[in-house]
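Below: one structure, written as structure tokens.
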Amino acid sequence: MSQLLLRGLIAALAPQGVPNLDIVVSDVEGRRQLGIQVKSRLKKGSDGGWHMGAKHENIHSPTLFYCFVDFGDVLQDQPVTYILPSAKVAEVVRESHRAWLSRPGQRGQVRNDSKVRRLVPDYRYAYAPDPPRYASGWLDPYREAWDLLAPR
């Protein structure tokens, strides 16, 4: 929220119980209102990603964005935020999960579906042995992309 306020936007916590928003954002003139869902992580997981659910495959709106915050390894690390439109998140989560399901597991077994999804910086594991649609670096254009939230 501090990054939004520093950029001259009005930002407030969404009311408790709102299912897909954590922060409500408006420009000063009230011409553009946005919703933001925040996902955060420490670099403790092996894939460097964020937890998502099956529901995220279908949540998309031109006024809904995700802020994926990476707090790094230690408290002294500078946080990095990736700002993505919800339609892009839905596409990536849906397509990568389908790719993962369609390929055999490490021992050749059929994979079982679940409600668990991951948004990760490199989807090689999901597409192997084929080249990944979302390879290492696909998140780079969204790194600190605060301009996506600016008034238009």
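See the values below:
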| item | result |
| --- | --- |
| Between helix 86-102 and the chain: long-axis angle, C-alpha atoms, 0 to 90°, nearest 10 | 10 degrees |
| Apportionment of accessible area to carbon and sulfur, region 1-148, percent (1.4 Å) | 54 percent |
| If the convex hull is drawn through the Cα atoms of the chain, its volume per residue in Å³ | 122 Å³ |
| Surface accessible to a 1.4 Å probe, S61 within the full protein complex, Å² | 40 Å² |
| Solvent-accessible area per residue, Å², over the chain with all protein chains present [probe radius 1.4 Å] | 60 Å² |
| With DNA, RNA and ligands ignored, accessible area of R111 (1.4 Å probe; Å², nearest 10) | 50 Å² |
| Largest to smallest accessible area among E95, E57, E144, E29 [probe 1.4 Å] | E29, E144, E95, E57 |
| Heavy-atom SASA rank of T63, T81 (probe 1.4 Å, accessible area, largest first) | T63, T81 |
| Accessible-area ranking of V89, V28, largest first, probe 1.4 Å | V28, V89 |
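The values are calculated or read from the model by the stated rules, or taken from the named source; none is laboratory data. The model shown is predicted, which means the values in this text are computed figures rather than measured ones. We work out accessible area using only protein heavy atoms, side chains counted, and drop any ligands, DNA or RNA first. Shrake-Rupley method; radii C 1.70, N 1.55, O 1.52, S 1.80 Å.
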